[in-house]
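Notes follow the structure.
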Amino acid sequence: MPTNNFIEKNEKRKLILLFSLWWTIWVVMQAAVLKDIGLPISQAVVDAFLSNLLLAAFCMLIINNMRYYLPKHEKYFYLLFICIALSAIWLLMLRLSLWGLYKNEETYMQWLRRSSTLRYSFGFLMIGCISMLSLLWFSQREQKEENERRLDTERIAKDTELNKLRQQLQPHFLFNSLNSISALTGTQPEKARMMIQQLSDLLRSSLKIEENIFTIFEEELKYLQLYLEIEKVRFGHRLQTQINYDETILQMKLPSMILQPLVENAIKFGLYDTLGEVVITIDASIQKNLLKVIVTNPFDASTSMPVKGAGFGLSSIKRRLFLLFARHDLLQTEQSINQFTTTIQIPQIG
């Protein structure tokens with residue numbers, strides 16, 4: 001905020017300096033024109049100075065008014081009326097001021113009366129131009145501020161939705177883990193204690209990861225392995241995993257905690273309705289500046305629930321990817337007779 005105030009004050013000083021320079025130039029130019037048409041140099045300078053001083057004051061009044069009130073399209077006639085009225089008031093005040101100074105100068109007074117129409121036209125044009133420039137300037141500034149507010153609102157809404165999508169996946173896994181711990185407490189207390197410790201490590205790690213929208217593949221892999229250790233306690237030898245990746249992708253970026261729901265979905269549809277051993281494969285590679293992760297699990301359509309590739313977990317991941325990258329094609333699913341494959345692609349930005 002202090003930086004913004006400093007910038008705003010600095011811009012204001014520049015505008016005041018530019019405004020003053022503009023009117024100084026007009027004073028010099030008008031004084032030169034009045035001298036050329038025959039007025040004494042003293043009268044030409046005073047006339048030019050008073051004319052532009054009063055005109056600058058009325059223009060400043062217009063600018064300050066535009067700062068706090070911008071007429072909309074249906075009120076432009078109001079602006080026209082203000083310009084006509086202010087030009088008339090400016091001319092009246094100028095003539096009174098010059099009359100007070102030169103009322104005994106008959107030649108000058110006659111010239112002053114003859115130039116009234118020209119003066120009024122000049123004043124109307126100047127006030128009108130300043131009014132239109134001010135209207136354009138403050139309208140653009142208002143539009144810019146409105147766009148910034150809208151972008152901030154959209155960003156907050158997007159961040160809120162992203163956090164909600166990430167956190168919705170946690171309770172499902174947590175409830176399953178707690179049920180497993182409860183079941184193991186009586187029969188296998190050592191495994192129950194180990195699972196509690198693993199769950200504690202996983203939750204502690206998730207709190208650290210959730211601080212950032214993005215993480216690197218190496219950190220995401222550590223979190224995924226913590227999750228798999230818990231699941232292997234639940235399912236024992238029935239759950240086997242293969243993780244294939246190249247060392248070059250360890251520093252690649254991806255949305256935090258996005259692999260865990262992918263693997264959880266694979267476990268759900270590959271293991272829940274199967275009694276034998278199941279192997280879930282995770283392949284990660286880099287292709288054309290995209291981090292590509294493929295999760296494959298066995299699938300039996302005759303025993304599993306109908307799968308369309310858009311269950312809660314996958315639909316949430318797809319929504320997260322769209323919010324982050326504005327693309328609908330970053331998650332793909334493929335179902336064969338005995339295998340289900342989920343593929344996500346993460347653009348590497350920056």
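Identify, among SER134, ILE346, GLN335, the residue whose Cα sits farthest towards the positive end of the charge dipole of the chain, taking +1 on the Cβ of Lys and Arg and -1 on the Cβ of Asp and Glu, with the dipole about the Cα centre.
Result: SER134, furthest along the dipole toward the positive end.
Please work out the C-alpha center-to-center distance from segment 175-238 to segment 74-132 and express it in whole Å.
82
Of LYS222/LYS318; LYS253/LYS288; LYS292/LYS318, which sit over 19 Å apart, Cα to Cα?
LYS222/LYS318
Taking θ = phi - 60°, what integer Hz values does the Karplus form 6.51 cos²θ - 1.76 cosθ + 1.60 yield along segment 58-66, in sequence order, with x for Gly and Pro?
In residue order, the calculated couplings are 5, 5, 5, 4, 4, 4, 5, 5, 5 Hz.
Quick check on packing: order 323-333, 222-232 by the mean number of other C-beta atoms within 10 Å, highest mean leading.
Highest mean packing first, the order is 222-232, 323-333.
Would you mind checking the tilt of helix 217-235 against the longest principal axis of the Cα atoms of the chain, expressed as 0 to 90 degrees and rounded to 10?
Long axis of 217-235 versus the principal axis of the chain: about 40 degrees.
Using unit Cβ charges (K, R positive; D, E negative) and no other charged atoms, how large, in debye to the nearest 20, is the dipole of the chain about its Cα centre?
That gives the chain a dipole magnitude of about 1300 debye.
Can you list the equivalent-ellipsoid semi-axes of segment 183-271, largest first and in whole Å, using the square root of 5 times each Cα gyration tensor eigenvalue?
Value: 25, 16, 11 Å, ordered largest first.
Compute the length gained on full extension between THR343 and GLU105: take 0.36 nm times their separation in residues and subtract their Cα-Cα distance, giving the result in nm to one decimal.
Length gained, THR343 through GLU105: 76.4 nm.
Which cross-chain or sequence-distant (5 or more) residues have an amide H under 5 Å from the amide H of LYS292, H modelled 1.01 Å from N in plane?
Those lying under 5 Å, H to H, from LYS292 are SER285, ILE286, GLN287, ILE346.
In sequence order, what are the phi-derived ³J(HN,Hα) couplings for segment 82-96 according to the Karplus relation 6.51 cos²θ - 1.76 cosθ + 1.60 with θ = phi - 60°, rounded to whole Hz, with x for glycine and proline?
Along segment 82-96, the couplings run 4, 5, 4, 5, 5, 5, 5, 5, 4, 5, 5, 5, 5, 5, 5 Hz.
Apply the Karplus parameterisation 6.51 cos²θ - 1.76 cosθ + 1.60, with θ equal to phi minus 60°, to every residue of segment 241-254 and state each ³J(HN,Hα) to the nearest whole Hz, in sequence, with x for glycine and proline.
Karplus values, whole Hz, x for Gly and Pro: 10, 10, 10, 10, 7, 9, 4, 5, 9, 4, 9, 5, 8, 7.
Pick from PRO255, PRO71, PRO298: which residue has the top mean-square fluctuation in a GNM of the chain where Cα pairs under 10 Å get a spring?
PRO71
What is the distance, in nm, between label points placed 7 Å from the Cα along the Cα-to-Cβ direction at ALA326 and at CYS129?
4.0
Rounded to the nearest 500, what is the chain's calculated 222 nm mean residue ellipticity when only DSSP H runs of at least 4 contribute -39500 (n - 2.57) each, over all residues?
Helices in the chain give a 222 nm mean residue ellipticity of -24000 deg cm²/dmol.
For VAL278, what residues show an amide H to amide H distance below 5 Å, using hydrogens built from the backbone and excluding near sequence neighbours?
Those lying under 5 Å, H to H, from VAL278 are LEU239, GLN240.
Can you work out the accessible area per residue across the chain, with the rest of the protein chains kept in place, probe 1.4 Å, in square angstrom?
Per-residue accessible area for the chain comes out at 60 Å².
Leaving ligands, DNA and RNA out of it, report the carbon-plus-sulfur percent of the accessible area of the chain at a 1.4 Å probe.
Accessible surface attributable to carbon and sulfur in the chain totals 61 percent.
Please build a GNM for the chain, connecting alpha carbons under 10 Å apart, and tell me which residue among ILE37, ILE280, ILE130 fluctuates the most.
Among ILE37, ILE280, ILE130, the largest GNM mean-square fluctuation belongs to ILE37.
What full-extension length gain, to one decimal in nm, is calculated for ARG114 and GLU154 as 0.36 nm per residue of separation minus the Cα-Cα distance?
In short, 8.3 nm is gained.
Name the long-range amide H neighbours of PHE214: under 5 Å, sequence gap of 5 or more, or other chain; modelled H, no Pro or chain starts.
Placed amide hydrogens put SER256 under 5 Å from PHE214.
The values are calculated or read from the model by the stated rules, or taken from the named source; none is laboratory data. Just so it is clear, the model here is predicted, and its values are computed rather than measured. Positions of Cβ are backbone-derived with ideal geometry, glycine not excepted, and every protein chain shown enters the neighbour counts. Heads up: the accessible areas ignore ligands, DNA and RNA and are worked out on the full protein's heavy atoms, side chains in. Shrake-Rupley method; radii C 1.70, N 1.55, O 1.52, S 1.80 Å.
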